[in-house]
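Each value in this text was obtained by applying a stated rule to the coordinates, not by laboratory testing. Given the structure is predicted, the values throughout are model-derived calculations rather than measurements. Cβ placement follows ideal geometry from the backbone for every residue including glycine, while neighbour counts extend to all protein chains displayed.
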Amino acid sequence: MEALSSAAIASLVGIVIVVGISMYNEDLNVGIIAIAFAIGIGALFADLSAVKIMQAWPVDLFMVLTGVTFLFGIATTNGTMEKLTAKAIRLAKGNTALIPLIIFILITVITTIGPGNIATVTLMAPVVMAIANRIGMKAFLMTLLVVGAANGAAFSPIAPSGIISNSFIAKMAPQLEAMGQHMGDLNMLAWKIHLNSEIAQLAANIGGFLVLGGWTWVRNQRTSSLSIDDIAPKPEPFDKKQWMTLGSIAILVLLVILPSLSVTKQFFTPMIMNLIGNGKVTNVGAIAFLLSSILLVLNAGDSKAAVKAVPWSVIIMVGGMGILIDVMDKAGGLNAMVGLIANVSNTTSINGVLAVATGFISSFSSSSGVVMPMFLPLVPGLVDQLGGGNAIAMISSIDVGSHLVDTSPLSLFGAMCIACADDKEDKGKLFRQLLIWGFSMCIVGGILCYIFFGLLEF
């Protein structure tokens, strides 16, 4: 192994310190710290000016994340999502055994169409944890259901985590293609990554739900006599503003999907594609800004409330880490990290190794804000140093491994579900159950990614 330069060593030490800070103090926005470290390391060790370093801020990613989360901020603050949730749960009518399935599908759909896993869990946790108590389901099982559904759908091309992942893929695609990796249509690849996430989350969290008591609960509901009005009171009908919001969300989804389909692609002229993208590929952020503006002009949303609903903390984390990783790359630290991981892997086992590593760090840190920006840029280097491998499988392993652990009470999702659990629940016991489950997902995630993306080559 070649001797590392002082710049490479400094960048490696810097990323370790920043990640360590994020693991120690989750209340501190590590994106700000990352920018400061990037400026210091770049100026002192890599001969990079502060102005040049800050130009690495991912503007495209920032605009897409802001646009999408603002649109769904409108949908949340004007009551659309709340009514949609209540109406969906009432579809179970008198059959309470259907409620877990409806909740899973509902959370999957809501996450997929744009709000993402963080917003969806924040929105749904108070509702579904209350329902869990009314239908006699353990809070632990409901947490597995909620987090499994939200994280399974988190890599939808329209959702924030999927947007973050796909932005890195778009940057890496030309380099990976030059290495002989067939990336294909990036829009279709985004849905492939989404499907891979769904498969892994189903196997882990939903499998755990069924094995650890969920299936027994379903079977016991044959004798249930609960009324749907006791579980989910009937909401008021959608008003005009909410119907316009639902229509906007439907248009967003269609404008993302239809230009990629061979049957409908012909209807999207260059002028239309320039309006909603870059002339060839749709940009979900551009569409979201257009639709949000229409809703605001029609007085269907409150711009101030929607701005407050945007997850600025995550956006700053992703941007700051992106700047630090860019400096790390220029300083040689990224290549050194690739070498360290490649030394303990081969083209098949690399998927399990990446999932375990990302899972462990994500147990104490932000999955999409810290772990993904740190590990996704390593993929081209790993393909090069391993002499092959499947780049899409590596990307899927990083995405899945970093999110499978989110049931831990040390994560936002686990903590949210504990906070919303009924007072009758033993929250100390629930904390321990989720802690054990969350940490076990580091290993389970490694095994699943090794099997699905390494051996079976999904």
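For the reader, a short list of remarks on this structure follows.
- Peptide packing: for 127-136, 18-27, the average count of neighbouring Cβ atoms within 10 Å per residue gives the ranking 127-136, 18-27, highest mean first.
- Here's the list of lysines a cross-link from K87 could span, going by alpha-carbon distance under 20 Å and ignoring same-chain residues fewer than 8 apart: K234, K240, K241.
- Both radii were evaluated on the Cα set of the range 393-449; the Rg over Rh quotient, with Rh as the Kirkwood radius, amounts to 1.08.
- Relative contact order of the chain, defined on C-alpha pairs under 8 angstrom at six or more residues apart (%): 25 percent
- For the range 177-192 and the range 200-239, distance of Cα centres in Å: 38 Å
- For the range 280-294, 3J(HN,Hα) computed residue by residue from phi via the Karplus equation (6.51, -1.76, 1.60; θ = phi - 60°) reads 10, 10, 5, 10, 4, x, 4, 4, 4, 5, 4, 5, 4, 5, 4 Hz, glycine and proline entered as x.
- Relative contact order of the range 321-458, taken over Cα pairs closer than 8 Å and 6 or more residues apart, is 33 percent.
- By the rule of a C-alpha distance below 27 Å, with chain neighbours fewer than 8 residues away ignored, the lysines paired with K427 are K138.
- Cα centroid separation - the range 155-172 against the range 1-23, whole Å: 26 Å
- Dipole in debye (nearest 20) - the chain, about Cα centre, beta carbon charges: Lys, Arg +1; Asp, Glu -1: 1100 debye
- Each of L195, A139, N117 was placed along the dipole of the range 64-216 (beta-carbon charges, centred on the mean Cα), and the one lying farthest toward the positive end is A139.
- Relative to the 2.2 N^0.38 Å rule of thumb, the range 178-253 has a C-alpha radius of gyration ratio of 1.84.
- Couplings 3J(HN,Hα) of the range 308-317, computed from phi: 5, 7, 5, x, 4, 4, 5, 4, 5, 4 Hz, in residue order, whole Hz [Karplus 6.51 cos²θ - 1.76 cosθ + 1.60, θ = phi - 60°; x for Gly and Pro].
- Shown is the FRET efficiency for K87 and V16, computed with R0 = 56 Å from the Cβ-Cβ distance and rounded to the nearest 0.05: 0.70.
- In degrees, nearest ten, helix 99-112 long axis to first principal axis of the chain (Cα): 40 degrees
- With all projection directions averaged, the alpha carbon convex hull of the range 254-350 covers 10.9 nm².
- Each 5 Å bin from zero up to the one holding the largest Cα-Cα distance in the range 132-288 carries the following percent of pairs: 1, 7, 12, 13, 14, 13, 12, 10, 7, 5, 3, 1, 0.
- Long-range HN-HN contacts of L48 with modeled amide H, under 5 Å: A43
- Altogether, the Stokes-Einstein calculation at 25 °C and 0.890 mPa s, with the Kirkwood radius of the range 54-148 over Cα pairs as Rh, returns a diffusion coefficient of 169 µm²/s.
- When peptides 366-372, 260-266, 283-289, 438-444 are ranked by their average number of other Cβ atoms within 10 Å per residue, the highest-first order is 366-372, 283-289, 438-444, 260-266.
- Among [x] 22.2, 72; [y] 22.5, 83; [z] 25.4, 95, the entry derived from the coordinates for Rg and Dmax of the Cα atoms in Å: [x]
- Phi angles across the range 116-123 convert, under the Karplus curve 6.51 cos²θ - 1.76 cosθ + 1.60 with θ = phi - 60°, into 3J(HN,Hα) values of x, 5, 5, 5, 5, 5, 4, 6 Hz, Gly and Pro given as x.
- Rg over Rh, two decimals, the range 1-116 (C-alpha only, Kirkwood Rh): 1.22
- Computed on the range 233-298, with alpha-carbon pairs under 8 angstrom and 6+ residues apart, the relative contact order is 27 percent.
- The Cα center of the range 371-418 and the Cα center of the range 54-125 differ in position by 22 Å.
- Between S363 and any residue 5 or more places off or on another chain, the built amide H atoms are never under 5 Å apart.
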